[in-house]
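Derivation of every value follows stated rules applied to the coordinates shown; laboratory data play no part. Bear in mind the structure is a predicted one, so any value in this text is a computation, not a measurement. Ideal geometry is used to build each Cβ from the backbone, glycine not excepted, and the neighbour counts take in all protein chains shown.
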Amino acid sequence: MQRLCALVLGGLLITSLSQANQASQLQDEKYFTVTSASLEEMRSDLYGDGVSSQQQNLWERSSGFAISSDNSLGNIVKGVLGEAPDLAPWNVFLDQVINMGKKIWDIVESNRPVVDLKTDVANAVPQGITSWQDLGQWQAPRSKVYTLAYKNLYGIEVIRFDYRVLYTAGGSYNGVGRYLANVSIVPGEISVAWGYKFAAKNSVASTLNVGTKQNPVGGMEMIINWSIDTPFKHTQSSGSYFVQGDGKFVDLTNGNSLL
C-alpha cells in the first residue's frame, strides 16, 4: 500500500513539474521569439535517373505517371505517348497557355501535412485541350528540395520543414510547344516545437506563354506561403518559384525576408 501511494505521489509530482514547466514556457517570451531563419535548397532530382524504386513507386501511386528506365525524350512517361487527339484547329490555341488544375491549396495545417498529389496539382497547357494527357513527349518529373528552419532566442530550432517543388515538363501537341503538368509543392518532414503552430499554403501566381506564338512554352509561378503562430506573435513569409515547359527552373525567393 505504501509503495502504491509512493507511485501515485511520484506521478502527481512529475505531472505538476511538467505543467509548471509548460506554464513557465508560456510566460517566456524569449522561447517564443524567432530570431534567425534559413531557407536552403538541399538537392535536385530527376525522377527515373538515379531515383530509388521506392521513390518511383510513391510518385507513380500519387500522380498516375509510370517512369520508364529509358530516359529518351518521348519514352519517359508511359501511357502518355502517341499522337494527340485529332481536334479541329479552332478547338486548340497552342499559344494561349492556361492552368486546368488547382490555383490554391493547403500544404500544412496545424503542424500536419495535408497535400494530395492526385488532386493538388496545377498545369500549364494549351487552351482547348481536355486534359494534360492529350499531350505527348513528356519528360521525367523533376524536383527541387528545400529546407526551411527557424530558431528562437535560445538558439533552439523550433521549426524545421522540408518541401519539394515538383513539375513535369516537355509536353507537346503534335510536336508543337513545350508545356507543364503536375506542378505542385509537396511537404516532406516537418518538426514543430511545443507551443508553436505552423501552416503552409501553395498558390499559382501566374500561368503564361514564355515562348513565341509559333513555338509556345508554358510557364508558371508557384508561391508557397507559410505562417508561424505563438502566444506572443504571428509571423508569415513566402517562397516563389518559376518553372517552364522547357525544363527551366528559377528560384525567385532570394531577397525575401523570412522573419
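If packing is taken as the average count of other Cβ atoms within 10 Å, what order do 172-185, 131-144 fall into, highest mean first? Don't skip to the end; give the middle numbers.
Working: 172-185: 22.9, 131-144: 20.4.
Answer by packing, highest mean first, reads 172-185, 131-144.
Tell me, what is the FRET efficiency for Gln127 and Met42 to the nearest 0.05, using R0 = 51 angstrom and their Cβ-Cβ distance as r? Don't skip to the answer; put the middle values down first.
Details: r = 36 Å, r/R0 = 0.71.
The pair Gln127/Met42 has a calculated efficiency of 0.90.
Give me the distance in nm between label points sitting 7 Å out from Cα along the Cα-to-Cβ direction at Ile156 and Ser206, one decimal.
4.3 nm
Give a residue-ordered list of calculated ³J(HN,Hα) values for region 149-166 (Karplus: 6.51 cos²θ - 1.76 cosθ + 1.60, θ = phi - 60°; whole Hz; x for Gly, Pro).
Ordered by residue, 3J(HN,Hα) equals 9, 10, 10, 9, 5, 8, x, 7, 6, 9, 9, 9, 9, 9, 9, 10, 8, 10 Hz.
Past the 21 Å Cα-Cα mark, which pairs from Lys118/Lys213; Lys201/Lys248; Lys118/Lys144; Lys30/Lys197?
Working: Lys118/Lys213 31 Å; Lys201/Lys248 23 Å; Lys118/Lys144 19 Å; Lys30/Lys197 16 Å.
From Lys118/Lys213; Lys201/Lys248; Lys118/Lys144; Lys30/Lys197, over 21 Å: Lys118/Lys213; Lys201/Lys248.
For Lys213, project a label point 7 Å along Cα to C-beta. Then give me every residue of region 89-111 with its amide nitrogen under 15 Å of that point.
Under cut-off, by backbone N: 93-97.
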